[in-house]
Amino acid sequence: MLKVMIVDDEPKLRQGLQTLIPWESLDLTVTAAAANGKEALEMMENEPPDIALVDIRMPLMDGLQLIRQLATNGHQVQCIILSGYADFEYAKQAIKYGVAGYLLKPVDIKEMTNTLKRVRERIEAERMKRAQRQFGVENREWFLHRLLIPQDHNEAPAQLRNVATEAGLLWSSYEVVCVRPRGFEAGRPDVPQRCADALKPLIEGKGMGLVTVNAPNVVLLLRKPLRGIRQREHLHQEIRNALCDLRFVAATGGAVFVPEEISRSYVKARKWIKQAFFSEKGRLLGPSAPYSPVSGAPRRFNENAEEMMEEFILRLYYSLDAGNETMILPLLQEAAEYFLMQEQDEHSVKESFFFLSNAVIHKLAAGSRKEWKKTEEVSRFLKGIFEYEYLGDLLEETHRFLLALAEESEPEGKEKELKIMINIIHRHYADHLKLETLAGMLNYSTAYLGQLFKNKTGEYFNTYLDKVRIQKAKELLEQGMKVYEAAERVGYTNVNYFYSKFKKYEGRSPSDFKNP
């Protein structure tokens, strides 16, 4: 923002101008207010303003004396005169010192606002010309920043095209690629510039475009749009080769065809960077359909978040406890899909997985008869959840850790045989399963095994079997299977009996579930 000083001997006017003018929307800020020219000069020595609103009639040093002194000292401040009608002839003397504007008191707010905007634009234009003279047209990075981040969102397209022309950036097309360093080194202030220096031979050396830094991002402005997956993958590999072992995420904002749209491409690229956690590792992110490690047919979930979390905890625990390893990753993916449907951001998803994993681990520990020796490993794993850069990696590591932990917690004796029972139910739920059959297999009486099962799971054998069947039936109905087909597939030969069981556990008929 440009800095403004108000110089007037009327306290009410000084306060009123600070309050009534929309300074922030003008991209201006009032940094000082003085009661006369002498006081203003002293303040300017410490913090020179870009613009000064100066009253003509003041004690000690009037406005004309102040303006004359500023010109003599070589100050670049732009002065706007505030004057009453009686001072008009006196004020004309200030014109020869190059004042930027002249306003009559009482001040009209709209007129003041327009004058300030015009003076600000003049200052910016002069600064651009000085930059051109100082650096020459070949130094195009300065102009590139102007196109990436317009100083005025209402800036005319013609003005931006003039900027592009002067900088040699008037191309037939543009595409912004944003590269952001990640990992331990990413926090170092010199890393973005080091990345830019490494990428310049690739981009500028081959005439592909320009490279600049807008920390924490390295920005590539390409002359030609990336066409198709092959070109995108090739560029990503080239960036990886140039940056060697440095971890990074890269995204494109898509092709645009006029200079005034460059900033839009940049905004889109940064948006994709922020969504990198939910995307595929090792790819150039961008406008094409986003990758998700939990993609697939959308599911219908219980709207009660607490109930859903408890369901995920129990299903994961029972699957681990039963040794049903093939169910763990699909369950974790289903949980992730639910968290995403709740529109959780990256941090919230990590918090949800922390809570879910912690609850499952505690259940495994409580159900194990072996001495628990995994406290430090569990602590490291739970803490590490918040360090993952990609959801896919988080799912894979959670899957691996829970399987390893369940193996360490392998039950013995009756616990092991109960685990076998649960495993059989999950694998053979569609068969004609009976408690008597399992009791014979495991050499227990039916009554004793039934009570053992109830003590372990909290449910009777037939209830547990029904719930597994109904859950499987729900999955089949969601996939489009007809009600009678789903009933037969999960082990119910009588459709009416299936209807009654489904309504008992789900509170609605399978037809209502299928067509809500």
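The values are calculated or read from the model by the stated rules, or taken from the named source; none is laboratory data. These numbers were taken from a predicted model, which means no experiment stands behind them. Neighbour counts are summed over all protein chains in view; Cβ atoms, including those assigned to glycine, are modelled from backbone coordinates with ideal geometry.
So which strands (runs of 3 or more DSSP E) stay within region 165-231 end to end and still have 1 or more residues that are out of contact with any helix residue (DSSP H, G or I) (no Cβ under 6 Å at 6 or more places or on another chain) and not assigned by TED's automatic domain parsing to the domain that holds Gly253?
No strands (runs of 3 or more DSSP E) qualify here.
Rundown of residues vs (1) surrounded by fewer than 21 Cβ atoms within 10 Å (Cβ to Cβ); (2) at negative phi; (3) in contact with a helix residue (DSSP H, G or I) (Cβ under 8 Å, 6 or more places away or on another chain); (4) not acidic (Asp, Glu), yes/no style:
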| position | (1), (2), (3), (4) |
| --- | --- |
| Asp9 | yes, yes, no, no |
| Gly16 | yes, yes, no, yes |
| Pro22 | yes, yes, yes, yes |
| Asp27 | yes, no, yes, no |
| Ala40 | no, yes, yes, yes |
| Met43 | yes, yes, no, yes |
| Leu53 | no, yes, yes, yes |
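Show the residue pairs that are 6+ apart or on different chains and have beta-carbon atoms under 6 Å apart, the first residue being within region 207-232 and on the phi < 0 side of the Ramachandran plot, the second being outside any loop (DSSP other than H, G, I, E, B) and among the basic types (Lys, Arg).
From region 207-232, the pairs are Val211/Lys200; Pro216/Arg180; Asn217/Arg180; Leu226/Arg232.
Test Thr446 against the criterion of being free of Cβ contacts under 8 Å to residues at least 24 places away in the same chain and among the polar types (S, T, N, Q), and give yes or no.
The answer is yes for Thr446.
Taking the condition of being under 26 Å from Leu438 (Cβ atoms) and touching a Lys or Arg at 6+ places or on another chain (Cβ under 6 Å), how many residues in region 477-504 meet it?
Number satisfying all stated conditions: 2.
Condition (residue is part of a helix (DSSP H, G or I) and modelled with pLDDT under 90) applied to region 254-268: is it met by at least one residue?
Taking every residue of region 254-268 in turn, at least one turns out to be part of a helix (DSSP H, G or I) and modelled with pLDDT under 90.
Inspect all residues belonging to region 202-210 and state whether any of them is under 23 Å from the mean Cα position of the chain (by Cα) and closer than 22 Å to Arg140 by Cα.
The answer is no; no qualifying residue exists.
Between residues in region 59-80 that are in the same structural domain as Gly98 (by TED's automatic domain parsing) and of a type outside the set (A, V, I, L, M, F, W, C) and residues that are surrounded by fewer than 20 Cβ atoms within 10 Å (Cβ to Cβ) and at pLDDT below 90, which pairs lie under 6 Å by C-beta distance while being six or more apart or on different chains?
Sorted first by the residue in region 59-80, then by its partner, the pairs are Gln78/Ala100.
When you go through (1) assigned to a loop (DSSP other than H, G, I, E, B); (2) touching a strand residue (DSSP E or B) at 6+ places or on another chain (Cβ under 8 Å); (3) free of Cβ contacts under 8 Å to residues at least 24 places away in the same chain one by one for Asp245, which number turns out not to apply?
Every condition holds for Asp245 apart from (2).
Taking region 329-358 only, how many residues are in contact (Cβ under 8 Å) with a residue 40 or more places away in the chain, aromatic (Phe, Trp, Tyr) and surrounded by fewer than 18 Cβ atoms within 10 Å (Cβ to Cβ)?
1
Out of Ile51, Ile80, Ile95, I need the residue that is under 54 Å from the mean Cα position of the chain (by Cα), at pLDDT below 85 and of a type in the set (Val, Ile, Thr). Which one?
Ile95
Return the residue satisfying two criteria in turn: it lies in region 269-279 and is free of Cβ contacts under 8 Å to residues at least 60 places away in the same chain and part of a helix (DSSP H, G or I), and of such residues it is farthest from Leu222 (Cα to Cα).
Looking at residues that are free of Cβ contacts under 8 Å to residues at least 60 places away in the same chain and part of a helix (DSSP H, G or I), I get Lys274.
Take region 281-309 and flag every residue that is surrounded by 13 or more Cβ atoms within 10 Å (Cβ to Cβ) and at pLDDT 85 or above.
Scanning region 281-309 gives Lys281, Arg283, Leu284, Leu285, Gly286, Met308, Met309.
Among the strands (runs of 3 or more DSSP E) confined wholly to region 1-115, which include 3 or more residues that are small (Gly, Ala, Ser)?
Passing ranges, in order: 28-34.
Tell me which residues, restricted to region 421-473, are touching a Lys or Arg at 6+ places or on another chain (Cβ under 8 Å) and over 22 Å from Lys503 (Cβ atoms).
Listed by number, the list holds a single entry, Leu452.
Go through (1) at pLDDT below 95; (2) among the charged types (D, E, K, R); (3) in contact with a helix residue (DSSP H, G or I) (Cβ under 7 Å, 6 or more places away or on another chain) for Glu238 and report which single condition fails.
If we test Glu238 against (1) at pLDDT below 95; (2) among the charged types (D, E, K, R); (3) in contact with a helix residue (DSSP H, G or I) (Cβ under 7 Å, 6 or more places away or on another chain), just (1) comes out false.
Return yes when Arg223 is surrounded by 12 or more Cβ atoms within 10 Å (Cβ to Cβ), basic (Lys, Arg), farther than 30 Å from Glu389 by Cα and modelled with pLDDT under 85 and no when it is not.
Spelling it out, it is not the case that Arg223 is surrounded by 12 or more Cβ atoms within 10 Å (Cβ to Cβ), basic (Lys, Arg), farther than 30 Å from Glu389 by Cα and modelled with pLDDT under 85.
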